[in-house]
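Please read through the structure below; I'll follow up with questions.
Derivation of every value follows stated rules applied to the coordinates shown; laboratory data play no part. Everything numeric in this text was worked out from a predicted model, so none of it was measured. Because the Cβ atoms are built from the backbone with ideal geometry, glycine has one as well, and the counts that use them run over all protein chains shown.
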Amino acid sequence: MKRLVYLISPGKIYKNFYTDLKDVLSSKKVKFFQLRLKKIPKNKIIKIGKKIKVITKKFNVSFIVNDSATIANLLGASGCHIGQFDDSIDYAKKLLKKNKILGVTCHNSKKLAKNALKKNVSYIAFGSFYKSKLKPLAKKSNLNILRWAKKNTNKPIVAIGGINDKNYKKLINVGANYIAISSFIWDNPILKPKQAIKKFK
């Protein structure tokens, strides 16, 4: 069974988070887990990251750190994901070892994707495809960018932004290899994380 889910952490690590994370990863649906914490001191992110690394390793999930190749390196994470305003691709590549994963946000832009692919990144991410709680002001993407990417690269393609159990299949069908999910799992008003992840077949 192919693992389709690229899981992004909640914006805030709550009390039962680590237990919930184990429950979600035990579903065997998650390929990547990204630690994405904004406006939190580096030492706190490292402390949280150490605990997460143990859990992701147990469930054979790649552990990705958002924004910072430095922190990814310090934690010995599987890799790093950078946006257009974070570390540059060149800097991240210099810091990360050869076998590490490096993913890049490309919004809805062929130009950004071509640049990332030229620099041989591990995967490219597009979005936001739908209205997202995590990034309410994110630029909108359309399905054509996924169709284009599928034709123009054999690197994995990640779709991001407001993805839930009702809209994810469309993204996979037009070209996404992975779907990035956060709010549907962690901030779901109806389902607990353990139940929410089961909605992705």
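Being aromatic (Phe, Trp, Tyr) and either buried (at least 23 other Cβ atoms within 10 Å of the Cβ) or farther than 13 Å from Ala113 by Cβ (or both), is that true of even one residue in the range 140-159?
No: zero hits.
Pick from Tyr14, Tyr91: which is more than 16 Å from Ser122 (Cα to Cα) and surrounded by fewer than 18 Cβ atoms within 10 Å (Cβ to Cβ)?
Tyr14
Out of the residues in the range 181-201 meeting the condition of being outside any loop (DSSP other than H, G, I, E, B) and basic (Lys, Arg), tell me which one is surrounded by the fewest Cβ atoms within 10 Å (Cβ to Cβ).
The qualifying residue surrounded by the fewest Cβ atoms within 10 Å (Cβ to Cβ) is Lys198.
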